[in-house]
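Starting off with a structure, shown below.
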Amino acid sequence: MRSWGVIALAAAVAAAGCGGGVLKKPYEYEEELYLSLDGSATLSVNASVPALVALRGVDLNVSPRARFDRDRLRAFYEGPGVAVTAVSSSRRYGRRFVHVSIDVADVRSLQRLAPFAWSSYRFDRDGDLYEFKQTVGAPATGKAVENVGWDGSELIAFRLHLPSKIPFHNAPSHEVERGNILEWEQTLTDRLQGTPIDIQVQMETQSILARTLLLFGSTIVAAILTFAAVIWWVSRRGRDSEIAESPS
């Protein structure tokens, strides 16, 4: 899970540094979930302070000139079974954005925490597949925010980074992005109105990394066996030649 944490933190730093969205779309609120096959996960949240106030009911000052209250934000995301690993901020479009990364031992426990209580999570094994389901419901009763620069074009996203091959998913794009990434996108307006998001994924029980290592190991073993067979054959030919040339 620590490797996921490193990846998530790097993604948050990239999001903070690319202000204008060079690497990906600039979302007003996004959750990036890095899921492991044992059910543990790293979740990275990148959101504007106004979006956190309006969607999750966080008590923060929406002014971009207000002091960044790192302690209040950390306390909001802390909870049983969760480790907050990174908290930072940036500015763009005249708004302050926050970037939080957490590790959780069981992804299903997220729904018991206030920041993620708008979602229900399921993660189960069904035969030769793992099934992950997340339903995002209505936002928390937050404060109304005004004059923060929203023009109605703002987007939110829920993104999954998965460790194994994906036989089925219901992402609207119908595509798996490079690195086994799936994305569900929605307008901020629809999210504020509570339009649900239904996330369904099936994945194989063997990780891509494990499959790659197994293939790599098998290739090495095959090469060693082939090399040993060649040495044996050359050695055998040499002995046969010596026997044939020896005087009777």
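What follows draws every value from the coordinates through simple rules; no lab data is involved. Note that the coordinates shown come from a computational prediction; the quantities given were computed from them, not determined experimentally. All Cβ positions, glycine included, derive from the backbone under ideal geometry; neighbour counts span all protein chains shown.
Per 0.36 nm of contour for each residue apart, how much would the distance between ASP38 and GLU131 grow if the chain were fully extended, relative to their Cα-Cα spacing?
32.3 nm
Percent relative contact order of region 2-206, based on C-alpha pairs within less than 8 angstrom and at least six residues apart?
Taking the mean separation of contacting Cα pairs over the length of region 2-206, I get 23 percent.
Calculate the FRET efficiency for GLU175 and GLN206 from the Cβ-Cβ distance with a Förster distance of 22 Å, rounded to the nearest 0.05.
0.45
Still on this structure: Could you name the aspartates and glutamates in cross-link range of LYS133, using Cα to Cα under 17 Å and dropping any fewer than eight places away on the same chain?
GLU31, GLU32, ASP38, ASP106, ASP124, GLU183, GLU185, ASP198, GLU204
Still on this structure, please answer the following. Distance between the C-alpha centers of region 51-65 and region 159-208? Whole Å please.
For region 51-65 versus region 159-208, the Cα centre distance is 27 Å.
OK, next. Could you give the length gained by full extension between THR195 and THR141, i.e. 0.36 nm per residue of separation minus their alpha carbon distance, to one decimal place?
Gain on stretching THR195 to THR141: 18.0 nm.
What does the charge count near SER63 come to, summing +1 for each Lys or Arg and -1 for each Asp or Glu among other residues with Cβ under 10 Å from its Cβ?
Net of charged neighbours comes to +4.
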